[in-house]
Structure formats: structure tokens, C-alpha cells
Amino acid sequence: MPSPDGDRLAFTALDRLYVSDADGSDVRSVGDRETTQQQPAWSPDGEWLAFTTWSEADQEGHLHKVRADGSGLTRLSTRPAIYRDPVWSPDGSRIVALRGDARAYLENSGPRAAFAANEVVWMPAEGGEATLVMPANGRSE
């Protein structure tokens, strides 16, 4: 995913989050090393990345943010769940994501289980309690 100014890329490889220059040079790891990191989304100012995590050991996921240089790693969500498809609000004050129940994800099987999401939520970009926007009603498919 290109940064808002087009100078950098954010991507995941082997379940780790990376940032590079737009030409693919200067690849650097950001985020932590203890969880699966997926679905990076740039803040409108290009300073932060929101991303989802999943921990096999804890069997839970969260929404995080980190500065593009790898500093300032912050867990935003307070409730463990399956988080997907984070998007920043245009003013950078909120992050919207799909959220699904981690227990349902673990108890279900089959190709659609990984995409279980039952709510659209937003939370402050500084972290905290999520606010329900609406039921997902299949929007994760």
C-alpha cells in the first residue's frame, strides 16, 4: 500500500509488517515480532500505520498503530477480536475497522471462517473503546 505522498510502501511478508521506499529500497521492519501483522493502512499525514494482529499463543487479535519509522507501537483496541480492513478517517482522528468475535473464528472451520466479521466499529486514533457503527451484514465478504 503506497503512502499518501507516494514515497513509501507498507506491506506484509511472512506475517510481518514492513515499510520501504517506493522503489523497493531501504526495507525495514516495523511493528512487533510476536504476532501476525496484516492489513496496513496509512494515516492521512503519512506518519502512522494502523494494522491488525493475531496471536496464535493468545488466540486473540487487536488493532495497533506504529510510526512509519517503527517507533511508537501502540495497541489501540481494548477488546480482543478479529479485526480487519482498518481505514483512517480523513482527519486522522479515528480508525474504522471490521470486528468479529475471536471465539467464533476459532470454533468455525471452512473457507469462510477466516472472514467472519459481525460489526463495523470505529475507535479513536489514540486508542480506547470501540464504538459500534453498524452490523457488518456480510460486508466482510
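A single member of A97, A130, A116 is buried (at least 16 other Cβ atoms within 10 Å of the Cβ) and either modelled with pLDDT under 65 or touching a helix residue (DSSP H, G or I) at 6+ places or on another chain (Cβ under 6 Å) (or both), and it is A116. Residues in the range 12-31 that are within 13 Å of the chain's Cα centre (by Cα) and either in a loop (DSSP other than H, G, I, E, B) or on the phi > 0 side of the Ramachandran plot (or both) were compared, and the one that is surrounded by the fewest Cβ atoms within 10 Å (Cβ to Cβ) is D15. From the list P86, P44, the lone residue that is touching a residue at least 40 places away in the same chain (Cβ under 8 Å) and either within 23 Å of L132 (Cβ to Cβ) or among the polar types (S, T, N, Q) (or both) is P86. Looking across the range 55-72, the residues that are touching a residue at least 24 places away in the same chain (Cβ under 8 Å) and surrounded by fewer than 15 Cβ atoms within 10 Å (Cβ to Cβ) come down to Q59, D69, G72.
Here E60 meets each of (1) in contact with a helix residue (DSSP H, G or I) (Cβ under 6 Å, 6 or more places away or on another chain); (2) on the phi > 0 side of the Ramachandran plot with one exception, condition (2). For the range 45-54, a residue qualifies if it is surrounded by fewer than 22 Cβ atoms within 10 Å (Cβ to Cβ) and within 13 Å of the chain's Cα centre (by Cα), and the qualifying residues are W48, W54.
Filtered by the rule that a residue be over 14 Å from A41 (Cβ atoms) and touching a residue at least 24 places away in the same chain (Cβ under 8 Å), the range 8-28 gives a lone residue, R28. Within the span defined as the range 32-48, one or more residues are in a loop (DSSP other than H, G, I, E, B), modelled with pLDDT under 95 and either β-branched (V, I, T) or under 26 Å from P4 (Cβ atoms) (or both). For the range 76-87, taking the residues that are part of a strand (DSSP E or B) and modelled with pLDDT of 95 or more, the one that is surrounded by the most Cβ atoms within 10 Å (Cβ to Cβ) is identified as P86. In the range 73-82, the qualifying residues are those that are touching a residue at least 40 places away in the same chain (Cβ under 8 Å) and out of contact with any Phe, Trp or Tyr (no Cβ under 7 Å at 6 or more places or on another chain), and the one that is farthest from G46 (Cα to Cα) is R79. Checked against (1) touching a Pro at 6+ places or on another chain (Cβ under 8 Å); (2) open to solvent by 50 Å² or more (accessible area, probe 1.4 Å), W42 passes all but condition (2). All conditions but one from (1) within 23 Å of A10 (Cβ to Cβ); (2) modelled with pLDDT under 80; (3) open to solvent by less than 20 Å² (accessible area, probe 1.4 Å) apply to A125; the one that does not is (2).
The values are calculated or read from the model by the stated rules, or taken from the named source; none is laboratory data. Small disclaimer: the values here were computed from a predicted structure and weren't measured. Here the Cβ is made from the backbone with ideal geometry for all residues, glycine too, and neighbour counts use every protein chain on show. All accessible areas refer to the heavy atoms of the entire protein, side chains included, with ligands and DNA or RNA removed. Shrake-Rupley method; radii C 1.70, N 1.55, O 1.52, S 1.80 Å.
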